[in-house]
Amino acid sequence: MERPPVLIISTYPPEHCGVGRDAYEFVQALRVKRPTTVLANIARGNRLQDPTVQMVWYKNDFLYPIRIANAARKIFPRRNAVAHVFHHFFLYGKGATIPLFPVLILLLKVQGFPLAVQFQSVIEVSKFKPNDYSIPTRVYRFLIGMTLGNFYRFISRLSSAIIVCTRSMRDLLVDFYRIDPGKVWIIPVGWKSGVNGLERAGGIEPKDPAKPRTILFHGFIDPTKGLEVLIEAGSLLVHEYPDLQIILAGEVSPHLGTSGASYLASLKDRARDAGIEGHLIFTGYLDNEQLDKTLFASDVIVLPYTMVLSHGGSASLGRIAHLGRPVVASRISRFADELTHGENALLTAPGDPIELSSAIRWVFEHPKEANEMGENLKTLAQKRTWDISARVADEQVYQSITAKSPRSMNNDQ
């Protein structure tokens with residue numbers, strides 16, 4: 001018997017956001033298992049030559065729930081598809097569009113689609129601090145927690161399944177927000193495998209020791225990534241390693257909008273004040289081949305994120321793990337849930353440039369041990385492919401939804 005099709009609702013390339021890229025990789029793996037259609041947002045230059053991808057909604061358009069629901073009804077008039085809806089708080093636009101997401105889920109539910117909602121992040125209320133200190137922290141956190149709790153529970157009541165990518169996300173939903181654990185599935189973010197031609201018959205080409213010491217960051221350039229901390233850590237290392245290069249491989253986050261240029265300028269000013277202006281390189285957007293070569297040429301890949309409020313997976317980590325390079329990352333949930341300190345990465349306190357510089361120095365001074373950690377991470381990446389993520393969704397989550405059969409409350413996939 002042919003399995004029911006799946007309707008994916010998400011951003012989609014050529015936008016360069018992590019959610020869109022994850023959705024793209026997931027769909028490529030899923031579509032070999034069952035028919036898959038994508039409802040994606042219309043973006044400048046976004047003209048994929050793919051009949052299974054329908055561009056139907058705009059970011060920051062208050063009518064996006066109606067546009068998506070109407071398109072879903074027209075494509076599947078018999079509602080014989082599982083609607084798999086991706087959620088991130090800014091996925092459908094800026095702050096004013098956030099309250100409209102439940103409207104989208106309600107419209108799809110009323111139309112009769114079985115729903116799986118995938119949260120890209122889950123917020124930890126205990127990390128919030130009020131900007132207005134006239135509001136007591138406890139009261140502020142209570143109000144935030146009540147608002148988020150109502151949001152998560154409303155989505156859960158309307159959905160047949162909630163999908164998260166890490167155990168800590170599941171624990172937050174179940175233990176703090178009181179979501180039915182029988183609805184929550186864990187599907188890890190798939191990690192890239194293969195090195196696009198960088199592999200050789202004798203294994204991966206070694207790092208060229210004649211090249212400058214290179215620290216490399218990969219991801220969106222924005223204030224949550226700890227780049228100020230990385231610049232300060234670089235200033236502590238540059239006297240020991242005068243040929244040091246710090247490469248920021250990524251574009252300014254589109255979430256910053258018109259403030260992106262000023263944020264980029266502030267990083268350059270900070271590097272100048274720290275005395276490492278000539279050591280800091282911004283690459284801007286790189287295509288897959290350029291990015292792999294740039295990442296692989298590094299001595300150490302550093303992910304110094306400071307985003308402690310949200311739990312979730314990391315598109316950047318999934319993109320770099322297969323390269324076998326040493327990794328230093330912040331000890332926050334999205335890395336600590338995935339990495340083991342001293343085994344496949346070094347984890348440092350977020351916002352601490354001294355600890356970060358010490359970890360980078362250790363990598364420079366212990367190349368054999370650091371490369372072993374990189375190889376361990378590469379081995380882990382080989383077990384975390386997008387095909388595995390798609391298989392869990394196909395064989396477990398979607399099957400459970402369509403069969404309407406009870407399952408164990410302790411799903412640990």
TODO: For Ile135 paired with Phe154, estimate the spin-label separation in nm (one decimal), with each label point 7 Å from Cα along the Cα-to-Cβ line.
DONE: 1.8 nm
- [ ] Quick one: which residues, 5+ away or cross-chain, put their amide H under 5 Å from the amide H of Thr36? H built at 1.01 Å from N.
- [x] Val6
Open item on the list: I'd like the projected area of segment 275-413, averaged over all directions, using the convex hull of its alpha carbons. Report it in nm² with one decimal.
Closed with: 11.0 nm²
Open item on the list: I need the phi-derived Karplus couplings for segment 301-312: 6.51 cos²θ - 1.76 cosθ + 1.60, θ = phi - 60°, integer Hz, Gly and Pro marked x.
Closed with: 9, 10, 10, x, 3, 10, 6, 8, 6, 10, 9, x
- [ ] Kindly report the accessible area of the chain per residue (heavy atoms of protein chains, probe 1.4 Å, no ligands, DNA or RNA), in Å².
- [x] 45 Å²
- [ ] Using a 1.4 Å probe and ignoring any ligands, DNA or RNA, find the accessible area of Thr52 and quote it in Å² to the nearest 10.
- [x] 40 Å²
Task: Distant-in-sequence amide H partners of Ile163 (H built 1.01 Å from N, under 5 Å) - done: Val117, Gln118, Phe119, Trp185
TODO: Determine the alpha carbon to alpha carbon distance for each of Lys225/Lys368; Lys59/Lys127; Lys129/Lys225 and list only those over 22 Å.
DONE: Lys225/Lys368; Lys59/Lys127
TODO: Among DSSP beta bridges lying fully in the chain, give the percent that are antiparallel, nearest 5.
DONE: 10 percent
TODO: First compute the accessible area of the chain with a 1.4 Å probe, then give the percent of it belonging to carbon and sulfur atoms.
DONE: 54 percent
- [ ] For segment 281-289, take each phi angle, set θ = phi - 60°, evaluate the Karplus expression 6.51 cos²θ - 1.76 cosθ + 1.60, and give the result in whole Hz per residue in order, putting x for glycine and proline.
- [x] 10, 9, 8, x, 5, 10, 6, 4, 5
TODO: Enumerate the amide H contacts of Met55 below 5 Å, restricted to partners 5 or more residues apart or on another chain; note that Pro and chain-start residues carry no placed amide H.
DONE: Ala40
TODO: Tabulate in residue order the Karplus-calculated ³J(HN,Hα) for segment 144-153, using 6.51 cos²θ - 1.76 cosθ + 1.60 with θ = phi - 60°, rounded to whole Hz; enter x for Gly and Pro.
DONE: 4, x, 5, 5, 5, x, 4, 5, 4, 5
- [ ] Measure nothing fancy, just the Cα-based angle from helix 353-365's long axis to the longest principal axis of the chain, in degrees from 0 to 90, nearest 10.
- [x] 70 degrees
- [ ] Select from Pro212, Ser134, Ser156 the residue farthest towards the positive end of the dipole of the chain; place +1 on Cβ of Lys and Arg, -1 on Cβ of Asp and Glu, and compute about the Cα centre.
- [x] Ser156
Open item on the list: With every protein chain left in place and a probe of 1.4 Å, what is the accessible surface of Phe142, to the nearest 10 Å²?
Closed with: 130 Å²
TODO: Pull up the cross-link candidates among the lysines for Lys293, meaning alpha carbon to alpha carbon under 18 Å and not fewer than 8 places away within one chain.
DONE: Lys192, Lys207, Lys211, Lys378
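The values are calculated or read from the model by the stated rules, or taken from the named source; none is laboratory data. In this text, all values refer to a predicted model and were calculated from it rather than measured experimentally. For neighbour counting, all protein chains shown are included, and Cβ atoms are generated from backbone atoms with ideal geometry for every residue, glycine included. In case anyone asks, the SASA skips ligands and DNA or RNA and just uses the protein heavy atoms, side chains included. Shrake-Rupley method; radii C 1.70, N 1.55, O 1.52, S 1.80 Å.
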